[in-house]
Amino acid sequence: MSGSMSELEQNLIFNKWLAQHKALLFKVVRSYARTSMDQDDLFQEIIIQVWHSIPSFRQESSNTTWIYRIALNTAIKWVNKERKHTHTNQPLEHLQPILFESVSQIDERLTWLYEEIYKLDEIDKSLSLLLLDGFSYKEMATILGISESNVGVKINRIKKQLITKSKQQDYHGI
Amino acid sequence: MEFDELQKIWDSQTKEPLWVINEEALNRHILAQKSQVHHITNKSELVLTYVYIVAGFSLFGVNIVNNSANLFMYLLAGWTLATGLYSLISRIQRLKREHEFIDRSMLGELKHALSIATYQVRLSRLMRWNMLPIITFCLIGVWESGKSVWQVLGLLLLFGAAYFVSGWEHSIYKGKKRELEKLQKKLQEEVVTQ
């Protein structure tokens with residue numbers, strides 16, 4: 001994609017990406033932010049970064065990998081930001097929440113899994129999301145900018161940690 | 001639970017998305033945000049450059065109009081202007097370096113964020129030390145021009161407060177840099193310890 005892309009083209013690609021990959025963005029948001037205000041704030045931050053990234057997308061990776069990379073990098077920076085909710089300096093009419101809960105029945109086991117992912121540090125959160133979403137070690141290494149062997153070591157540790165936690169949780173009937 | 005079961009739990013969420021997006025609010029947000037640049041470094045550099053250059057020229061102007069100005073007041077004006085020019089040159093160099101970062105991986109983004117944080121720490125430290133010659137020139141200049149001890153003491157108090165606040169600002173930048181260094185270390189460490 002060229003850097004001289006028109007705004008209309010950019011909007012079309014953005015809308016297509018959002019329709020196709022919103023579930024992916026939701027997963028990142030839910031794993032990195034706890035309160036609904038934070039989740040809304042992080043979601044806004046991610047979509048702006050995704051929108052800005054469209055002209056520099058060179059199709060060297062799939063758009064799923066690209067969007068995941070942007071979303072995770074934004075989430076990590078967002079967590080380390082001192083002042084969150086930067087969007088609150090917008091006019092009042094822009095302050096409407098963007099995300100509304102839609103799930104009627106909440107799966108307790110999924111809530112537990114998200115809770116465990118939330119407890120991990122920023123890097124391990126990213127890896128566990130990529131792992132659960134079926135990315136290969138090679139893809140994870142590209143997204144994170146580290147070697148495949150390093151990914152392997154970290155993934156083994158995260159897997160063990162999640163399995164141990166789930167076994168502890170089994171005793172409590174979930 | 002084994003990992004396969006965790007995977008099944010994870011995959012179950014694809015059936016029904018957790019949230020619905022308020023499309024109207026989203027579009028408004030994009031329109032409002034896409035032209036804005038959120039960059040604390042950008043803002044602090046611009047403020048620094050503007051304040052020092054305007055203050056430097058104003059001091060020169062006041063000294064020329066007011067014939068009673070002494071050497072130290074001219075030194076103060078010159079130093080202030082030089083500081084403004086230094087921060088302008090630093091900004092131009094930083095913006096040039098920005099284009100060198102093309103690695104969009106997590107490590108690449110962290111390195112980029114770290115280079116900005118290092119720059120912020122260096123700039124805030126330099127600006128803090130830079131207050132010392134400014135305070136010295138200003139106090140001697142004011143004293144030489146025959147102002148009362150109370151006026152000099154008042155100025156000293158004001159500068160003391162500014163020096164304290166700049167130290168607090170510097171420690172915020174240092175803390176942010178430390179956090180980024182920790183993250184980078186965390187991302188890379190296990191290759192070394194394996």
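The values are calculated or read from the model by the stated rules, or taken from the named source; none is laboratory data. From a predicted model like this one, the values you see are computed outputs, not experimental measurements. Because the Cβ atoms are built from the backbone with ideal geometry, glycine has one as well, and the counts that use them run over all protein chains shown.
Can you pull out the residues in region B:86-97 that are in contact with a helix residue (DSSP H, G or I) (Cβ under 8 Å, 6 or more places away or on another chain) and modelled with pLDDT under 85?
B:Arg94, B:Arg97 - these are the residues of region B:86-97 that are in contact with a helix residue (DSSP H, G or I) (Cβ under 8 Å, 6 or more places away or on another chain) and modelled with pLDDT under 85.
Of the conditions (1) under 21 Å from B:Lys176 (Cα atoms); (2) within 14 Å of chain A (Cβ to nearest Cβ), B:His99 clears all except one; give me its number.
Tallying (1) under 21 Å from B:Lys176 (Cα atoms); (2) within 14 Å of chain A (Cβ to nearest Cβ), B:His99 fails exactly one: (1).
Condition first: aliphatic (A, V, I, L, M) and either within 9 Å of the chain's Cα centre (by Cα) or in a loop (DSSP other than H, G, I, E, B) (or both). Now tell me which residues in region A:27-66 satisfy that.
Residues satisfying the conditions are A:Val28, A:Val29, A:Ala33, A:Ile46.
For region A:127-159, enumerate the residues that are buried (at least 17 other Cβ atoms within 10 Å of the Cβ), facing another protein chain (nearest Cβ under 7 Å) and of a type in the set (Ser, Thr, Tyr).
A:Thr142
Does any residue in region A:53-79 that is β-branched (Val, Ile, Thr) come within less than 8 Å, Cβ to Cβ, of a residue that is not in a helix (DSSP H, G or I) six or more places away or on a different chain, and which pairs are these?
Final answer for the pair search is A:Ile54/A:Met1; A:Ile54/A:Met5; A:Thr65/A:Phe135; A:Ile70/B:Arg104.
Need the failing condition index for B:Leu158 against (1) closer than 25 Å to B:Tyr74 by Cβ; (2) surrounded by 14 or more Cβ atoms within 10 Å (Cβ to Cβ); (3) not β-branched (Val, Ile, Thr), just the number.
The failed condition is (2).
Any residue in region A:15-40 that's at positive phi and within 11 Å of chain B (Cβ to nearest Cβ): show its pairings with residues that are surrounded by fewer than 21 Cβ atoms within 10 Å (Cβ to Cβ) and of a type outside the set (Phe, Trp, Tyr) at Cβ separation under 9 Å, as long as the two are six or more apart or on different chains.
That search, which allows pairs on different chains as well, returns nothing.
I want to confirm something. Restricting to region B:26-68 and keeping residues that are outside any helix (DSSP H, G or I) and at pLDDT 70 or above, which single residue is nearest to the other protein chains (Cβ to nearest Cβ)?
B:Asn66
Among the numbered conditions (1) within 30 Å of B:Leu95 (Cα to Cα); (2) of a type in the set (Phe, Trp, Tyr); (3) without any contact (Cβ under 8 Å) to a residue 40 or more places away in the chain, tell me where B:Tyr74 comes up short.
(1)
If B:Leu110 meets every condition in (1) under 25 Å from the mean Cα position of the chain (by Cα); (2) surrounded by fewer than 17 Cβ atoms within 10 Å (Cβ to Cβ); (3) of a type in the set (A, V, I, L, M) apart from one, which number is that one?
(2)
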